[in-house]
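Encoded as structure tokens, the structure appears first; notes follow it.
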Amino acid sequence: MKRILALLVLTIGLLLPLAAAAASVPEAADAMASAMDVQMARKLGQEAPPAKGISIMVTTPVDLGDLEGANGLARQMAEEMSRWFVQAGYRVQEIRKGRTILFQPETGELLLTRKTELLGTRDVSSVAILAGTYTITPKAVRFNMRLIHTPSNEVLAMGTATVPVSEELRPLLVDASRTRGPIRPSVGTSLR
């Protein structure tokens, strides 16, 4: 019996790191959106998800310590959650749609923009807004997402997930808006 228990503890100890490493941005987004979907249906008195008649605007999660800062991982999380809600049958409004297609010879044909002067409309209305925060630790990023009822500011649903920091995700954790400035180094240097 002791050998079986020791073997079980060893097996669980070996599998736990593998399970933690399996969590990805799409999996975290799916888990949060699915949990929020159930909460929305329940709150609206509907028998089963998806909550019917709900239109959603999606915004980028922000750094909990700086509500004006975001990074590439946060933008990717917003994209993944938007994908989930569209696939589940929600009406998701694209608030970054430009007035016209912008042709950039070096980049391509662009329709999405964050430049307010190029937006197709600034007056977008929906029942709920997806918003959230994230916190970065040395080993993980914790997301707290919420669907906010537009007219009342009531939180209709919340979901949380933790994404392990991997070498693949590490470059996405840098807030590019904080690194821009008039002078940027073009080479790396170090002191010995």
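Rounded to the nearest 0.05, what FRET efficiency is calculated for Thr59 and Glu168 with R0 set to 30 Å and r the Cβ-Cβ distance? Here the calculated transfer efficiency is 0.75. Based on the reciprocal of the average 1/r between different C-alpha atoms, the Kirkwood radius for the range 20-65 equals 12.5 Å.
How about the range 110-178: which GluC sites (Glu not before Pro) there are in a DSSP loop, with at most 14 other Cβ atoms within 10 Å of their Cβ?
Numbers: sites: Glu117, Glu154, Glu167, Glu168; in loops: Glu154, Glu167, Glu168.
Those satisfying the criteria are Glu154, Glu167, Glu168.
Modelled spin-label separation between Lys43 and Ile136, with each label point placed 7 Å from Cα along the Cα-to-Cβ direction: 2.9 nm.
Rolling a 1.4 Å probe across the protein heavy atoms gives the range 39-187 an accessible surface of 63 Å² per residue.
State the percent of C-alpha pairs, over all pairs in the range 42-136, separated by a distance greater than 21 angstrom.
Values: 2058 of 4465 pairs.
Summing the P(r) of the range 42-136 above 21 Å gives 46 percent of all pairs.
The values are calculated or read from the model by the stated rules, or taken from the named source; none is laboratory data. Treat the numbers as computed from the prediction; the structure is a model and nothing was measured. We place every Cβ from the backbone using ideal geometry, glycine too, and count neighbours over all the protein chains shown. The protein model used for the area step is the full one, side chains on, heavy atoms only, and it has no ligands, DNA or RNA in it. Shrake-Rupley method; radii C 1.70, N 1.55, O 1.52, S 1.80 Å.
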